[in-house]
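Chemist: Can you read through this structure? Questions will come right after.
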Amino acid sequence: MLIDGKPVCKRCLLLETDPEGLFKKVSELISLIPEDIKTPEEEYGRRLEICKSCDGLQNGICKECGCFVELRAATRKNYCPSAYHKW
Ligand code: SF4
């Protein structure tokens, strides 16, 4: 699908599309999150799998909140912003 002439990938993480090298920048931000507030690896993977099955995910961005889901999911206290609180 194209929006404004740019490809849009529904249910894709930045890791999988990364049209403008954003994943590297997001990864750098994730690496700066202190370990004591960072989401444990297993829970992080679980969150991203849920996002990947969600219609709200588009090019790595959640349509509910406008966040990069890989960044949002990386902090333990964060939660899915949808009314269903998927994670
Ligand atoms: S609504 Fe929740 S599950 Fe869906 S993309 Fe956003 S954060 Fe992920």
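Chemist: So, of the residues in region 66-87 that are within 10 Å of the chain's Cα centre (by Cα) and more than 9 Å from the ligand (Cβ to nearest atom), which turns out to be farthest from ILE30 (Cα to Cα)?
Modeler: GLY66
Chemist: Now for a separate question. Just to verify a result, which residue in region 1-20, among those that are modelled with pLDDT of 80 or more and in a loop (DSSP other than H, G, I, E, B), is farthest from ARG46 (Cα to Cα)?
Modeler: Step by step, filter region 1-20, then rank; the result is CYS9.
Chemist: With (1) modelled with pLDDT under 95; (2) in a loop (DSSP other than H, G, I, E, B); (3) away from the ligand (no atom under 13 Å from the Cβ) as the list, and SER27 as the residue in question, which single condition is left unmet?
Modeler: (2)
Chemist: While we're looking at this one, here's another question. List the pairs whose first member sits in region 7-31 and is under 17 Å from LEU57 (Cβ atoms), whose second member is surrounded by fewer than 12 Cβ atoms within 10 Å (Cβ to Cβ), and whose Cβ atoms are under 6 Å apart, counting only residues at least 6 apart or on separate chains?
Modeler: Listed by first residue and then by second, the contacts come to VAL8/MET1.
Chemist: Anything in region 46-65 that is more than 7 Å from the ligand (Cβ to nearest atom) and in a helix (DSSP H, G or I)? List them, or say none.
Modeler: ARG46, ARG47, LEU48, GLU49, LYS52
The values are calculated or read from the model by the stated rules, or taken from the named source; none is laboratory data. Everything numeric in this text was worked out from a predicted model, so none of it was measured. Quick reminder, even Gly has a Cβ in these numbers, built from the backbone with ideal geometry, and neighbours come from all protein chains shown.
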